[in-house]
Amino acid sequence: LPHHLLDSRLKTRSRQHLKMANLEIEKIDKHAFPLLLDPDGFVAESTGSNFFIVKNGSAYTPFGRNCLRGISRGFIDEIYVTVERDITIFDVITSDEAFFTNTPYAIIPCTSVNGHPIGNGQVGPVTMQITQTWIDSVGCDFISQMRRWDKI
């Protein structure tokens, strides 16, 4: 939602726009996360997740004016230098790597957008470095946990 309609720092009960985005993307790929655009056409966030791209070793995230300034988003800034900027879909497609952050999953690699691979289509080295730093910082290997749960 645009910041002039609802302050992005607020968590509200009305999440209809997020549900609609999830329903739309599930028609294309049930494992995908939608990228939500702000009123100016720039990437803002996903449904319940913040978004980052990496280009030439630098991490970028959308300005906080039209996205929830999540706790996980803030943590990334503590463990890796990030820059806020307007991000276009072209920026995402031509980035070296990309990832989402959110509370339940911590960090989730993004390897393609709209059918276009990001970088080489694999999890990138900066994403892996940030993930490992996160694991070391919190003392919980959530990647190993997910792999164990996946087998169950």
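The values are calculated or read from the model by the stated rules, or taken from the named source; none is laboratory data. In this text, all values refer to a predicted model and were calculated from it rather than measured experimentally. Cβ placement follows ideal geometry from the backbone for every residue including glycine, while neighbour counts extend to all protein chains displayed. The accessibility values were calculated without ligands, DNA or RNA, using every heavy atom of the protein model including side chains. Shrake-Rupley method; radii C 1.70, N 1.55, O 1.52, S 1.80 Å.
Take Arg148 and Phe63, extend 7 Å from each Cα along the Cα→Cβ direction, and tell me the distance between the two endpoints in nm.
4.4 nm
Place a +1 charge on the Cβ of each Lys and Arg in region 19-90 and a -1 charge on the Cβ of each Asp and Glu, then give the dipole magnitude about the Cα centre in debye, rounded to the nearest 20.
100 debye
Summarise the accessible area of the chain (1.4 Å probe, protein heavy atoms) by the percent that is carbon and sulfur.
54 percent
If packing is taken as the average count of other Cβ atoms within 10 Å, what order do 126-134, 46-54 fall into, highest mean first?
Highest to lowest by the protection proxy: 46-54, 126-134.
For region 68-132, what is the charge dipole size about the Cα centre, in debye to the nearest 20, if Lys and Arg each add +1 at the Cβ and Asp and Glu each add -1 at the Cβ?
The dipole magnitude comes to about 160 debye.
Arrange the peptides 55-65, 77-87 so that the one whose residues have, on average, the most other Cβ atoms within 10 Å appears first.
Top to bottom by mean Cβ count within 10 Å: 55-65, 77-87.
Could you tell me the distance between the Cα centroids of region 16-37 and region 39-103, to the nearest Å?
Cα centroid of region 16-37 versus Cα centroid of region 39-103: 18 Å apart.
Can you compute the equivalent ellipsoid semi-axes for region 40-152, i.e. the square root of 5 times each eigenvalue of the Cα gyration tensor, sorted largest first and rounded to whole Å?
22, 16, 13
Hey, what D do you get for region 67-110 in µm²/s if you plug the Kirkwood alpha-carbon radius into Stokes-Einstein at 10 °C and 1.306 mPa s?
Taking Rh from Cα pairs, D becomes 137 µm²/s.
Provide the per residue accessible area, probe 1.4 Å, for the chain, rounded to a whole number of square angstrom.
61 Å²
With axes computed from alpha carbons, what is the tilt in degrees of helix 142-151 against the longest principal axis of the chain, rounded to the nearest 10 within 0 to 90?
Helix 142-151 and the main axis of the chain meet at about 90 degrees.
Roughly speaking, what is the stretch gain from Thr133 to Glu84, that is 0.36 nm per residue apart minus the C-alpha to C-alpha distance, in nm to one decimal?
Extra length available between Thr133 and Glu84 comes to 15.6 nm.
Report the charge-dipole magnitude of the chain in Debye, nearest 20, computed about the Cα centre from +1 at each Lys and Arg Cβ and -1 at each Asp and Glu Cβ.
With Lys and Arg at +1 and Asp and Glu at -1, about 540 debye.
Starting from the Cα of Ile71, step 7 Å along the direction of its Cβ; do the same at His116; then give the gap between the two resulting points in nm.
About 3.5 nm, to one decimal.
Under 5 Å between amide H atoms, partner at least 5 residues away or on a different chain: which partners does Ala59 have, H built in plane at 1.01 Å?
Here the answer is Val83, since their amide H atoms fall under 5 Å of that of Ala59.
Under the rule of -39500 (n - 2.57) per DSSP H run of 4 or more residues, summed and divided by the residues of the chain, what mean residue ellipticity at 222 nm is obtained, to the nearest 500 deg cm²/dmol?
Helices in the chain give a 222 nm mean residue ellipticity of -9500 deg cm²/dmol.
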